[in-house]
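The values are calculated or read from the model by the stated rules, or taken from the named source; none is laboratory data. Because the structure is predicted, anything quoted here is derived from the model rather than measured. FYI the Cβ positions are ideal-geometry reconstructions off the backbone, even for glycines, and counts take in every protein chain you see. All accessible areas refer to the heavy atoms of the entire protein, side chains included, with ligands and DNA or RNA removed. Shrake-Rupley method; radii C 1.70, N 1.55, O 1.52, S 1.80 Å.
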Number of protein chains: 2
Amino acid sequence: MGRWEPDARERLVRAALDLFSEQGYENTAVAQIAERAGLTKSTFFRHFRDKREVLFGGQDVLAELMTGAIAGAPEDATPLDAVEAALVATAETFTEERRAHGPQRLAVIAGNDELRERSALKMVGFAVAMTDALKRRGVPELEAAVAAELGVLAFNHGYERWLPTGGDFAEVARRTFSEVREAVGKLVSCVGNPPGKSSVG
Amino acid sequence: MGRWEPDARERLVRAALDLFSEQGYENTAVAQIAERAGLTKSTFFRHFRDKREVLFGGQDVLAELMTGAIAGAPEDATPLDAVEAALVATAETFTEERRAHGPQRLAVIAGNDELRERSALKMVGFAVAMTDALKRRGVPELEAAVAAELGVLAFNHGYERWLPTGGDFAEVARRTFSEVREAVGKLVSCVGNPPGKSSVG
DNA sequence: GGAAGTGATGGGACTTGGTCTCATCAACCG
DNA sequence: CGGTTGATGAGACCAAGTCCCATCACTTCC
């Protein structure tokens, strides 16, 4: 594997994923990942900000798709409709190839604190991005924040639901988000809190 | 400052906070923090898992207060009521002394990625804790997750609102959470989505 | 009162993540 | 053919974090 083989980044990701699965994240040195990919530590850090980031590539693309969809949603769309559109807009990145190493990736992340930490930050990033996009539509601060948070929740649940079955993520996202909406409805219309007249307002 | 002065942990926290404010988080070495506290690097890592953690002490106590309040809420309390009780239950930790270095702490965290990452993880921890506590009350998975997420959102907003003014955090939490409830109500009762019959169900 | 034990600390070696700088090499271009 | 560009290799370097062992203050027990 020569110095100028193409797809250095992809090779690094695959090598990292394999090594993390084989021996655990903490027991794998960056130099080892680079070596398996036929590269060096220097090159690794040229492609990824740090060791964690090799598992979280392309998340900024997702955020851009979300904000773009919210900005481009019909003017009469409700905040929740806009958020739903944001989730649907990310479907194009959920390719079959991505699904292939999804479980492996999830397992590695679940087994390490640093990685769960990075994952949490990415989710916060999504929430902030959607909140800002909603605010630019004139949605009040707090409503925007709530809607965005619900969107992130649905996104995560949708992803976990999409992984085993595959298929069109847009559909899964719509279904999951409608369930979240339903859950919200049940929460606010609980006994003692009739809808329309909040008991705490 | 001798070897056996008391309050090593508190001294480390104060030294870290001051140094981070003076020269930035990244420009401050752990050895330097320890030195200012009259201790050594070894001792620092005996008190804190890593450099970040010196700014996030006591968050596990908060999670326990939250879960305890949810578990101990009246049987007929709605999920949202239980979450509100969880926020109120954390009030006892919001002392005036804690408020004193709150802004300093927030500023340091906001200025560094590693720290925002850790903060995000802590919030996810709260959400998971409250979700589990709600599920143990028989609340369905998704509703529990939504309610917990709303709680975390209110907690954060409440904290930022409490910092400048001080006073009883319980009151601030109640007020903030009621505003979140109101926001949720507006979201689900938007034009095109009459409450009671979801347009996407 | 001295000896043994306990728990927190000091100290230093060591690994690894991450940065930085400079040399190298392939491709492209005039 | 020579110069430029861009990605890589190589290695020094610093700081985070781990590990092991010695040290010291305090306690307990004989």
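Structure data summary
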read-out: Region B:55-185 - Rg over Rh from alpha carbon coordinates, Kirkwood radius; value: 0.96
read-out: Inverse of mean 1/r across different Cα pairs in the protein assembly as shown, Kirkwood, Å; value: 23.0 Å
read-out: Charged-residue dipole, Cβ positions (Lys, Arg, Asp, Glu), region A:8-54 about Cα centre, Debye nearest 20; value: 240 debye
read-out: Apportionment of accessible area to carbon and sulfur, chain B, percent (1.4 Å); value: 51 percent
read-out: Residues of region B:141-157 buried by at least 40 Å² on assembly (accessible area, 1.4 Å probe, chain alone as reference); value: B:Leu142, B:Glu143, B:Val146, B:Glu149, B:Leu153, B:His157
read-out: Filter on A:Lys122/B:Lys135; A:Lys122/B:Lys122; A:Lys186/B:Lys186; A:Lys51/B:Lys122; A:Lys41/B:Lys41; A:Lys186/B:Lys122 - keep pairs with C-alpha separation over 18 Å; value: A:Lys122/B:Lys135; A:Lys51/B:Lys122; A:Lys41/B:Lys41; A:Lys186/B:Lys122
read-out: Interface area, B with A, accessible, probe 1.4 Å, both sides summed, Å² nearest 100; value: 3400 Å²
read-out: Which of A:Asn27, A:Phe94, A:Ala120, positive extreme of dipole for region A:1-156 (C-beta unit charges); value: A:Asn27
read-out: Electrostatic dipole magnitude of the protein assembly as shown [Cβ: Lys, Arg +1; Asp, Glu -1; Cα centre; debye, to 20]; value: 600 debye
read-out: Shortest-first nm distances, A:Arg98 label point to equivalent points in other copies (7 Å, Cα→Cβ); value: 3.9
read-out: Accessible area per residue, Å², region A:56-188 with all protein chains present, probe 1.4 Å; value: 41 Å²
read-out: Helix-only CD estimate at 222 nm, as mean residue ellipticity for chain B, using -39500 (n - 2.57) per DSSP H run (n ≥ 4); value: -22000 deg cm²/dmol
read-out: 12 Å beta-carbon shell around B:Glu149, net charge (K/R +1, D/E -1); value: -2
read-out: Relative contact order of region B:9-143, defined on C-alpha pairs under 8 angstrom at six or more residues apart (%); value: 26 percent
read-out: Per-copy distances of the A:Val128 label point, shortest first, in nm (7 angstrom along Cα→Cβ); value: 2.2
read-out: Chain lengthening between A:Glu97 and A:Ala31 when straightened (0.36 nm per residue, less Cα-Cα); value: 21.1 nm
read-out: Environment charge of A:Leu65, counting only residues whose C-beta is closer than 15 Å and scoring Lys/Arg +1, Asp/Glu -1; value: -3
